[in-house]
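All remarks here apply to the structure that follows.
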Amino acid sequence: MSVETSRFATGATLTHASAKSALAAGLARIEAGAAAVDCAQLAQFDSSALAVLLAWRRAAEARGKALDILNVPDGLASLAQVYGIDALFAARHSSEPANAGAPL
């Protein structure tokens, strides 16, 4: 699977108004084998974004796979902390590879 098909992006907006269509699109990508979602473009969001990310993660886990959540904006990470679910994203959200800062 290529990087283009193994990863998908949230887009710039993920709010209540767009959550249903975003959820469906992400579920289709996960069903097709995507293993990561990139939140780098995400600029406008509300708590619906957290619900969608959690649903995508559950869908991947139901298939026996992990879903890496990459480049989570600071504001979304803070929102997750307010809702007490930041630990659910901590292990999988990053902006760089796991060994990027490791000494040689």
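The values are calculated or read from the model by the stated rules, or taken from the named source; none is laboratory data. From a predicted model like this one, the values you see are computed outputs, not experimental measurements. Here the Cβ positions follow ideal geometry from the backbone for every residue, glycine too, while neighbour counts run over all protein chains shown.
Results, tabulated for the structure shown:
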item: Residue check, Ala32 under 17 Å from Ala9 (Cβ atoms) and either at pLDDT 95 or above or surrounded by fewer than 16 Cβ atoms within 10 Å (Cβ to Cβ) (or both); result: yes
item: Residue satisfying all of: in segment 9-45; assigned to a strand (DSSP E or B) and of a type outside the set (A, V, I, L, M, F, W, C); nearest to Phe89 (Cα to Cα) among these; result: Asp38
